[in-house]
Amino acid sequence: MSLILAISTSSQSASISLIKSGSVLAEPLVMHNNLSHTKTLMPMIDELFSSFAISCNDIDCFAVDTGPGSFTGVRIGVATANGLAMGSGKPIIGISSLLALRYYQLEISPVASIIDAHNDNVYAAIYFNKSATLAPCATTIHDLIEKIPANTLCLGDGANAHHALISELQPTAKFSSEESGIIKASCVGLAAWDRIEDCGSVEAASSGIVLPTYLKLSQAERNAKKEE
Amino acid sequence: MKGVTVLSEYRLPYLQESDTISLGRKIGALLFPGAFIALYGDLGSGKTTFTRALAAGLGIQDNICSPSYNIVAEYGEGRLPLYHFDAYRLEDVSELMEIGFVDYCYGGGVVVMEWANKVSKALPRDRLDIHIIGSGTQFRTMLFVPHGSSYTDILKETVI
Ligand SMILES: Nc1ncnc2c1ncn2[C@@H]1O[C@H](COP(=O)(O)OP(=O)(O)O)[C@@H](O)[C@H]1O
Ligand SMILES: [Mg+2]
């Protein structure tokens, strides 16, 4: 038995989730401007704990969305999760927002996780089942589209932002609801659960502290469109 | 009014301080969530004076001063939040990134960047560039360069 508390604040929503042995027990979620995650996150956790009559000590492992995504949002989530894990002496697992998106619809392959990095840049990864056929990277939407195989389900706020262009250049691409633009903590928790299973134990899957995911946009990519 | 006009830049010469202020107020009143204004011009050209007028156009009454020492100042009480940046003292674009600059740009408020030439690599593609030429008691010339149709629309309502 393993109880995971998962946290995601890298996108336009703040969500937390309780995962018990691979199934989702609860998932409160608040939508808002990511500059205000600080105010929402701790009260949400308090409320979830009291509704299940549990405390930090009952959690076996923390999981947190390490981005890429909102700079401030990622830092709030990672700092909070590290604090809870250190305070309670429990392990912590970092999951990238791109991998979390993949857990949105695990039964479908291939899936492209696409997060908007603005000015036609994106953070992206492509998954077939649970392995990445395109490793997480920062690239331009045009370069990414060239790498998207036929019949790929495109998820994430970058897929929503560039829906028209992707459909034009890769007509077999599929899309999900607008809701796929947010990262759900349940997906972060399920990815962490899978990592524990794959590694054989919580200890092998986790670390003492997690850091934000950095995928650096090259200067050329940032400025590619400006040159026109 | 003029049919299809492709506007690349617009120059207003012989501006007194009252002209700079009234332009700022008019543009401020039309700014939208996510708007970005990049200001260029020497020390004393009137970037902060113009920003203060933009803020007034957004309904912000606070006394806006140059945020050189803190990189950014936030004003929350207007029609939209205003994030006023000053890049004068920045050594490197990374200093801007480390305070979450991108979140400010897409956070639903208005961003004004003084000394935008110092952080040109970090500027969003869609923005309004405003160059102020002149200082001291001279008349000012303002050069407006819209990047994106929303900014062309604002200029059509204000300076053209
Ligand atoms: N036409 C004008 N537009 C703007 N400021 C003017 C003008 N004429 C004189 N000034 C004066 O020039 C100074 C501009 O200072 P400031 O706005 O702080 O410049 P900056 O922020 O570009 O360094 C102010 O003292 C202002 O009163
Ligand atoms: Mg100034």
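Where a number appears in this text, it was derived from the coordinates with a stated rule and is not lab data. Keep in mind it's a predicted model, so treat the numbers as computed, not measured. For neighbour counting, all protein chains shown are included, and Cβ atoms are generated from backbone atoms with ideal geometry for every residue, glycine included.
Relative to the longest principal axis of the Cα atoms of chain A, helix A:71-88 runs at roughly 20 degrees.
A:L18 sits among other residues whose Cβ lies under 15 Å from its own Cβ, and their net charge, with Lys and Arg +1 and Asp and Glu -1, is -2.
Rounded to the nearest 5, the antiparallel percentage of DSSP beta bridges internal to the protein assembly as shown is 60%. Of B:S150, B:S120, B:S45, which has the largest mean-square fluctuation in a 10 Å C-alpha GNM of chain B? Ranking B:S150, B:S120, B:S45 by mean-square fluctuation puts B:S120 first.
Sites listed here are chymotrypsin sites (Phe, Trp or Tyr not before Pro) in segment B:1-92 whose DSSP assignment is loop and whose Cβ has at most 16 other Cβ atoms within 10 Å: B:Y69, B:Y88.
A convex hull fitted around the alpha carbon atoms of the protein assembly as shown yields 154 Å³ per residue. Against chain A, whose longest principal axis comes from its Cα atoms, helix A:37-51 is set at around 40 degrees.
The calculated P(r) of chain A, using every Cα pair and 5 Å bins from 0, goes 1, 8, 15, 19, 19, 15, 11, 7, 3, 1, 0, 0 in percent. Extending 7 Å from Cα along the Cβ direction at A:E197 and again at A:S50 yields two label points whose distance is 3.5 nm.
Counted over chain B, the DSSP beta bridges are approximately 55% antiparallel. Spread over its residues, the convex hull of the C-alpha atoms of segment B:10-144 is 98 Å³ per residue. Relative to the dominant Cα principal axis of chain A, helix A:185-199 is inclined by about 80°. Spin-label model, B:E157/A:A135: points 7 Å from Cα along the beta carbon direction are separated by 4.9 nm.
Within the straight-line cut-off of under 12 Å between alpha carbons, none of the aspartates and glutamates are reachable from A:K39, sequence neighbours fewer than 8 places apart in one chain being disregarded.
Quick one: net charge around B:L96, please, counting Lys, Arg +1 and Asp, Glu -1 for every other residue with C-beta under 12 Å from its C-beta. Mind showing how you got there, number by number?
On the way: positive: B:R89, B:K118, B:K121; negative: B:D86, B:E91, B:D92, B:E95, B:E98, B:D103.
The answer is -3.
Quick one: work out Rg over Rh on the C-alpha atoms of segment B:78-160, Rh as Kirkwood radius.
On the way: Rg = 14.1 Å, Rh = 14.3 Å.
Looking at segment B:78-160, the ratio lands at 0.98.
Shape verdict for segment B:102-143, please, from the Cα gyration tensor: rounded (a/c under 1.5), prolate (a/b greater than b/c) or oblate. It is prolate, given that a/c is not under 1.5 and a/b is the larger ratio. Between A:S21 and A:S177, the simple spin-label model (points 7 angstrom out along Cα→Cβ) gives 3.0 nm.
Rounded, prolate or oblate, given the Cα gyration tensor of segment A:106-181, with a/c below 1.5 counting as rounded?
In terms of gyration-tensor shape, rounded.
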